[in-house]
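Data first, discussion second: the structure below is written as structure tokens.
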Amino acid sequence: MRSFTPAFLAACLLLLSATAAQAQDASWDSHLILIRLDNMASYRIERSQGKNDPGKHYCLRITSLVRPDETRMISVKGISPVPVRIYIEPSNPEPAGLGPMIREGGLALKPSDQVCIADLKSCFTSSEEKNTIIIRILPDLPGAPAAFAFCQVIYTLFTN
Amino acid sequence: MPLIKVVTMTVLVFISIGVTNAQTGQTETLNASIPEIASLRIRIDGNSIIPLSVSVPGAGSPLTGAPNSSSWLGVTTVVGAGKKGTISVRVSQMIPGLNLKLTVAPCTAFGDGIKGTVASDRVLCLTDQPVISDIGSMYTGGGVGYGYNLTYWLAENGMDQIRGGATSVVVTYTYSSN
């Protein structure tokens, strides 16, 4: 029995090849992802709680994300009834993006801001105490008593 | 008896007509050429652009990226005899300090055919990487909720190189067969 005419078959084949050609054009597709990175900084300073000399030093945890033209710095100022110095030990390994910081010799605490960590870019230290930046505050007088009055220390993070 | 004769004659006449029609029918050879077909379509739930960002769980912690699973890849393929299809992915640019990662989930149940094997998590780069391989002739259905669910997220890969701002990345999926 005749079901298809040659003309009908030709039309079907033409349609099929046209559909195929269209489909081959769409053998790829793409879309857009918009990545938005907001500049931010989150930092915290707290007394050590670990097994190594707990309470004898402070831990600085920081996560920073800067814009291309930004840098940050952390300054310190304070008041103490006796002269004290601040010593900072970078975490080991030192995180990339953490700028130069006061090293040997420390920094004498003054009532005005002094930079203790400069040129801070995008970085993170660690959330684990053993890998944070260690801050020690020690008497600046040889033979000073181990226990001395409270000293108030203020850390400030600036963004340029 | 006359009734039986009439019925018999009628049946014979109908059979005769059928045989005549069958004998007068033509035989035609239909050469159907089915070309290889590949049609890919990405559907995104809600928006036409996928937003990604990072957050900080806490001071000192690395950045973490929230995953986005709002896009779906719908596919229809017809492969040639003995051939298998592969879908690859690439991006238009890299983000300094960050990896753009992709997970392709196995195809949803809708559809039919040989839907291939999805690869494990990929870090997207500028060159094509296969994400679905061993594809046969198949269709997945189209639209949100059909096909392969695509999950993107960002992972830190060099914190000091990361800079704030907005960047757009084009992700391209390409089908090939061999």
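The values are calculated or read from the model by the stated rules, or taken from the named source; none is laboratory data. All figures in this text were calculated on a predicted structure; none of them were measured in a lab. Cβ sites come from the backbone with ideal geometry, for glycine too, and all protein chains shown count toward neighbours.
Listed residues A:LEU9, A:LEU37, A:LEU16; which is at pLDDT 90 or above and either surrounded by 15 or more Cβ atoms within 10 Å (Cβ to Cβ) or facing chain B (nearest Cβ under 7 Å) (or both)?
Answer to the check: A:LEU37.
How many residues are over 26 Å from B:TRP72 (Cβ atoms) and free of Cβ contacts under 8 Å to residues at least 60 places away in the same chain if we restrict to the stretch B:142-178?
Result for the stretch B:142-178: 2.
Residue by residue, here is whether (1) of a type outside the set (A, V, I, L, M, F, W, C); (2) within 12 Å of another protein chain (Cβ to nearest Cβ); (3) over 24 Å from A:ILE35 (Cα atoms) holds:
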residue: B:ARG122; (1), (2), (3): yes, no, no
residue: B:ASP134; (1), (2), (3): yes, no, yes
residue: B:TRP153; (1), (2), (3): no, yes, no
residue: B:GLY158; (1), (2), (3): yes, yes, no
residue: B:GLN161; (1), (2), (3): yes, yes, no
residue: B:VAL169; (1), (2), (3): no, yes, no
residue: B:SER177; (1), (2), (3): yes, yes, yes
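Is it the case that B:ILE87 is touching a residue at least 60 places away in the same chain (Cβ under 8 Å), surrounded by 18 or more Cβ atoms within 10 Å (Cβ to Cβ) and of a type in the set (Val, Ile, Thr)?
yes
I want to confirm something. Restricting to the stretch A:67-125 and keeping residues that are in a loop (DSSP other than H, G, I, E, B) and of a type in the set (A, V, I, L, M, F, W, C), which single residue is surrounded by the most Cβ atoms within 10 Å (Cβ to Cβ)?
Only one residue fits best here, namely A:LEU98.
Please list, ordered by residue number, the strands (runs of 3 or more DSSP E) wholly in the stretch B:66-121 having 2 or more residues that are touching a Lys or Arg at 6+ places or on another chain (Cβ under 6 Å).
Where strands (runs of 3 or more DSSP E) fall fully within the stretch B:66-121 and carry at least 2 residues being touching a Lys or Arg at 6+ places or on another chain (Cβ under 6 Å), they are B:68-78.
Filter the stretch B:147-161 down to residues that are part of a loop (DSSP other than H, G, I, E, B) and at pLDDT below 95 and give me whichever is surrounded by the most Cβ atoms within 10 Å (Cβ to Cβ). I'd like the intermediate steps shown before the answer.
The first filter runs over the stretch B:147-161 and keeps only residues part of a loop (DSSP other than H, G, I, E, B), leaving B:147, B:157-158.
Next, only the ones that are at pLDDT below 95 stay: B:157-158.
On the way: B:ASN157: 16, B:GLY158: 13.
Applying the filter and picking the extreme gives B:ASN157.
Restricting the search to the stretch B:40-64, which residues are surrounded by 20 or more Cβ atoms within 10 Å (Cβ to Cβ) and either under 27 Å from A:PRO95 (Cβ atoms) or among the hydroxyl-bearing types (Ser, Thr, Tyr) (or both)?
Result: B:LEU52, B:VAL54, B:ALA59, B:GLY60, B:LEU63.
Which residues, taken from the stretch B:67-92, are more than 10 Å from every other protein chain (Cβ to nearest Cβ) and farther than 21 Å from B:GLY145 by Cβ? Walk me through how you get there before you give the answer.
Narrowing the stretch B:67-92 to residues more than 10 Å from every other protein chain (Cβ to nearest Cβ): B:67, B:69-70, B:72, B:79-84, B:86.
Across the stretch B:67-92, the qualifying residues are B:VAL79, B:GLY80, B:ALA81, B:GLY82, B:LYS83, B:LYS84, B:THR86.
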